[in-house]
Amino acid sequence: VHLAEQAPWWIVGPVFGLVVVGLVATLNERIGIVGGFTDALEGRLGWKLCFVLGLAAGALVYALAGGGFGHAGYGWLTRTFTGSARILVAPILLGAGALIGYGAKTAGGCTSGNGLGGTCLGSPASFVATATFMGTAITAAFVLRWLGAV
Amino acid sequence: MSRTGRVRVVALAFGAVFGFFLAWGRLTDPDVIRRMLLLQDAYLYLMLGSAVAVGFVGVRLLRARGTNALLTGEPVGWRTARPTGRHVGGAVLFGLGWAVANTCPGPVVAQVSTGVWWSGFTFAGVVLGIKLYALRHAPRVAAAGTVRAAPQDGPLPSSLELPATYQMAASVSGSKK
């Protein structure tokens with residue numbers, strides 16, 4: 001087991017699936033992350049906020065156990081916006097985050113809530129949402145590269 | 001421990017497993033997400049596919065056995081929703097943000113907790129987006145002027161509390177949630 005290397009998909013995927021099943025088996029609830037944000041904003045220590053706090057702690061344990069902490073750069077954004085233009089990365093990430101938050105609330109879930117939870121429960125709305133955000137994101141990634149993203 | 005306490009501990013534990021493997025799967029690395037979106041790496045599709053396969057079968061086995069949820073005692077079951085415009089519109093906005101920031105709500109939490117400091121901006125953006133949504137969809141009691149008094153012991157409207165999937169009981173499968 002090499003914590004410093006990416007775990008194989010056939011371990012991560014089934015573990016995520018078992019987390020979905022575990023939440024249904026114990027709480028009869030659908031996995032989701034945005035609900036935890038909402039809990040926090042409304043000052044409620046609901047199960048969803050606990051799940052998100054656990055997520056933060058689990059990732060921290062991974063980093064401490066040998067996975068390592070993040071480095072200075074951030075993907076295509078800091079490769080594309082260099083020098084004095086680097087300051088633009090901050091508002092771009094802020095805006096992208098706002099789209100993610102607003103969009104997920106509108107669509108009734110994010111990659112976890114719709115893409116993982118809703119699809120496992122066989123919800124047609126989640127399949128449509130997942131196909132839509134996948135298709136949009138793939139198209140947008142190609143457009144960004146065409147526009148000059150490195 | 002009270003039932004609320006047990007629910008919190010269990011949610012925390014499942015969250016920790018999810019976060020550990022999310023970080024180990026390197027979903028916190030924006031380039032891993034970008035390579036997936038540019039169709040250069042099948043990792044995330046295989047990962048998500050196997051996750052859904054396991055979850056899809058697992059929850060159906062639980063329901064078929066007539067299991068009661070361990071902590072809440074209610075029979076395992078769920079409602080599903082028929083797709084509407086907001087599922088498409090919201091997903092388009094979400095997909096655009098995803099393609100730019102190469103992260104989504106789960107990974108952004110893991111990024112912040114593992115010291116990817118640029119993600120502080122994305123995190124703040126997600127909070128901002130959720131707040132904007134809540135503002136736009138706030139109950140218009142005062143503005144409409146038709147209702148004099150606010151609800152007494154103010155539980156928030158269900159539109160803010162429940163995952164949207166549960167709000168529209170287009171079809172009911174299994175026992176009601």
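Quick notes on this structure:
- A simple charge model with +1 on the Cβ of Lys and Arg, -1 on the Cβ of Asp and Glu and nothing else charged puts the dipole of region A:1-115 at about 220 debye relative to its Cα centre.
- Projected-area average for chain A over all orientations - Cα convex hull basis, square nanometres: 11.0
- Taking the protein heavy atoms of the protein assembly as shown in the context of the full set of protein chains, the accessible area attributed to carbon and sulfur is 68 percent at 1.4 Å.
- Within the full protein context, the accessible area of residue B:8 is estimated at about 90 Å² for a probe radius of 1.4 Å.
- Helical runs (DSSP H, four residues minimum) scored at -39500 (n - 2.57) apiece and divided by the length of chain A put the mean residue ellipticity at 222 nm at -20000 deg cm²/dmol.
- Each part reduced to its alpha carbon centroid, region A:67-96 and region A:1-58 end up 26 Å apart.
- Simple point charges give the picture: +1 on the Cβ of Lys and Arg, -1 on the Cβ of Asp and Glu, and for the protein assembly as shown a dipole about the Cα centre of about 660 debye.
- Region B:21-65 and region A:113-150 have Cα centres lying 13 Å from one another.
- For the protein assembly as shown, with +1 on Lys and Arg beta carbons and -1 on Asp and Glu, the positive-most of A:149, B:123, B:89 along the dipole: B:89
- Per-residue mean of foreign Cβ neighbours for A:61-70 is 6 (Cβ atoms of other chains, 10 Å radius).
- Peptide A:138-147 shows a mean partner chain C-beta count of 5 within 10 Å per residue C-beta.
- Basic side chains Lys and Arg get +1 at the Cβ, acidic Asp and Glu get -1 at the Cβ, and with that the dipole of region B:1-116 about its Cα centre reaches some 520 debye.
- Cβ-Cβ FRET estimate between residue A:150 and residue B:137, R0 fixed at 30 Å, reported to 0.05: 0.20
- Counting only Cα atoms, the size of the protein assembly as shown along its three principal axes is 55, 54, 35 Å, in decreasing order.
- Chains A and B together bury some 9900 Å² of accessible area, summed over both sides, with a 1.4 Å probe.
- Note on chain A: dipole from Cβ charges, positive end direction compared against A:19, A:75, A:38; the farthest Cα belongs to A:75.
The values are calculated or read from the model by the stated rules, or taken from the named source; none is laboratory data. Owing to the predicted nature of the structure, the values given are computational and were not obtained by experimental measurement. Methodologically, a virtual Cβ is constructed for each residue, glycine included, from the backbone with ideal geometry; neighbour enumeration extends over all protein chains shown. The area values use the complete protein model at the heavy-atom level, side chains included, leaving out ligands, DNA and RNA. Shrake-Rupley method; radii C 1.70, N 1.55, O 1.52, S 1.80 Å.
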